[in-house]
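Student: I'd like to ask some things about the structure below.
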Amino acid sequence: MELSTTTPAKINLSLRLTGKRSDGYNNIETVFMPLFGLVDTVRVKEVKGDGITVKCDVPGVPEDSENLCWKAATRFAENSGVTACWHVEIKKNIPVAAGLGGGSSDAAAVISLLNEMYDKPLNENTLHCLASGIGADVAFFLEPAPAIGKGRGDELETVECAMDLPLVLINPGVPVSAAWAYTNCYTAYNDEMPTADDVAHQLLEGGSTAAISGMLRNDLEPAIARKYLIVNVIKEFLAEKGCSASLVSGSGPTVFGLCSSVSQAQRIQADAEAYFGESFSFWSGLAPGNCNPHSA
Ligand code: ATP
């Protein structure tokens with residue numbers, strides 16, 4: 001048996017640190033937005049004999065027990081009692097270590113595919129616990145849809161989203177470790193700033209992109225922009241080209257710019273490609289863009 005699926009990237013429209021936890025993680029409050037136009041493809045194949053092997057088409061991504069897909073398959077076997085006998089193939093389109101959740105998304109796809117392959121031995125709650133144990137963002141990708149994430153980001157509340165946001169993404173091709181970003185963040189929590197609930201309310205009401213623009217906030221951004229100065233150059237570029245706002249996504253360094261239309265986003269992408277060159281990567285389109293590929 002063999003199953004495959006596409007699995008999306010995400011951006012964080014808002015990411016606020018709300019306090020340190022006893023387990024060493026930060027409590028956060030975030031608004032996740034899936035990007036169904038920017039996806040990896042994950043294939044899981046039953047093989048003869050025991051064990052898990054992983055193949056990824058991007059050099060540098062681990063293919064051993066460090067790959068989040070390997071961890072996901074191992075946890076699935078432990079929780080379901082099914083003997084692991086799988087080969088996982090990952091075709092990456094989502095830039096790696098970019099704040100776009102690529103590894104977490106791949107891991108969630110493996111969990112969903114294996115649960116489907118063996119006629120759903122694990123219920124939703126178990127899938128959620130299993131996903132959260134692999135990484136804070138993995139649970140979001142089990143049913144990717146606009147959502148508020150609290151706690152480590154894994155206490156999820158789906159947001160009805162009445163609008164599609166035209167976006168352009170610029171990734172400078174410098175990997176940033178999420179652990180580094182959280183450790184070096186120095187932004188103080190500020191009660192007066194718009195909350196994740198405020199952003200979610202705008203999405204629900206189908207407010208204007210201008211209204212959303214005024215609410216974008218990522219507490220990790222100042223530390224990331226101080227170390228990776230290119231982030232400031234990208235933000236200036238996006239402002240000059242007419243984006244109403246821009247923000248580092250997650251732990252960076254990808255920056256997304258909010259546009260007034262997809263055609264404007266495409267024009268800015270073309271200008272960015274000419275200006276920044278081949279070592280960067282780019283994407284433009286709508287968020288969330290279309291339906292959840294897992295349930296299509
Ligand atoms: P997040 O936004 O969830 O913090 P990210 O987009 O910043 O994640 P990933 O692309 O998930 O980062 O990669 C983070 C690290 O995880 C990389 O350095 C990579 O070596 C490792 N990794 C493990 N499995 C994968 C995978 N399937 N795809 C990409 N990276 C992976």
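Student: Taking ALA107 as the residue in question, decide whether it is near the ligand (Cβ under 8 Å from one of its atoms) and open to solvent by less than 20 Å² (accessible area, probe 1.4 Å).
Tutor: When the stated conditions are applied, ALA107 passes them.
Student: Right, another one. Farther than 29 Å from ASP219 by Cβ, more than 6 Å from the ligand (Cβ to nearest atom), part of a helix (DSSP H, G or I) and of a type in the set (Ser, Thr, Tyr): does that describe SER132?
Tutor: no
Student: Looking at the range 78-99, is at least one residue within 11 Å of the ligand (Cβ to nearest atom), touching a residue at least 60 places away in the same chain (Cβ under 8 Å), in a helix (DSSP H, G or I) and crowded, with 20+ Cβ neighbours inside 10 Å?
Tutor: Scanning the range 78-99 turns up no residue that is within 11 Å of the ligand (Cβ to nearest atom), touching a residue at least 60 places away in the same chain (Cβ under 8 Å), in a helix (DSSP H, G or I) and crowded, with 20+ Cβ neighbours inside 10 Å.
Student: Still on this model: Quick check: is even one residue across the range 28-46 away from the ligand (no atom under 15 Å from the Cβ), without any contact (Cβ under 8 Å) to a residue 40 or more places away in the chain and farther than 28 Å from GLY289 by Cβ?
Tutor: No, the conditions are met nowhere in the range 28-46.
Student: Are any residues in the range 47-77 away from the ligand (no atom under 11 Å from the Cβ), under 27 Å from ALA178 (Cα atoms) and in contact with a helix residue (DSSP H, G or I) (Cβ under 9 Å, 6 or more places away or on another chain), and if so, which ones?
Tutor: Listed by number, the residues that qualify are ILE52, THR53, ALA73, ARG75, PHE76.
Student: Kindly evaluate ASN123 against the criterion of being of a type in the set (S, T, N, Q), open to solvent by 40 Å² or more (accessible area, probe 1.4 Å) and at pLDDT 95 or above.
Tutor: So ASN123 fits the description; yes.
Student: Take the residues in the range 205-220 that are outside any loop (DSSP other than H, G, I, E, B) and among the small types (Gly, Ala, Ser); name whichever of them is surrounded by the fewest Cβ atoms within 10 Å (Cβ to Cβ). So that I can check it myself, show each step before the final result.
Tutor: Step one: of the range 205-220, the residues outside any loop (DSSP other than H, G, I, E, B) are 205, 209-213, 217-218.
Filter again for among the small types (Gly, Ala, Ser), leaving 210-211, 213.
Working: ALA210: 11, ALA211: 14, SER213: 17.
Top of the filtered list is ALA210.
Student: Where residues in the range 231-249 are outside any loop (DSSP other than H, G, I, E, B) and among the polar types (S, T, N, Q), which of them is least open to solvent (accessible area, probe 1.4 Å)?
Tutor: Out of the qualifying residues, it is SER246.
The values are calculated or read from the model by the stated rules, or taken from the named source; none is laboratory data. The shown structure was predicted, so the numbers you read here are calculated from the model rather than taken from an experiment. Methodologically, a virtual Cβ is constructed for each residue, glycine included, from the backbone with ideal geometry; neighbour enumeration extends over all protein chains shown. What goes into the accessible areas is simple: the full protein's heavy atoms, side chains included, and nothing from ligands, DNA or RNA. Shrake-Rupley method; radii C 1.70, N 1.55, O 1.52, S 1.80 Å.
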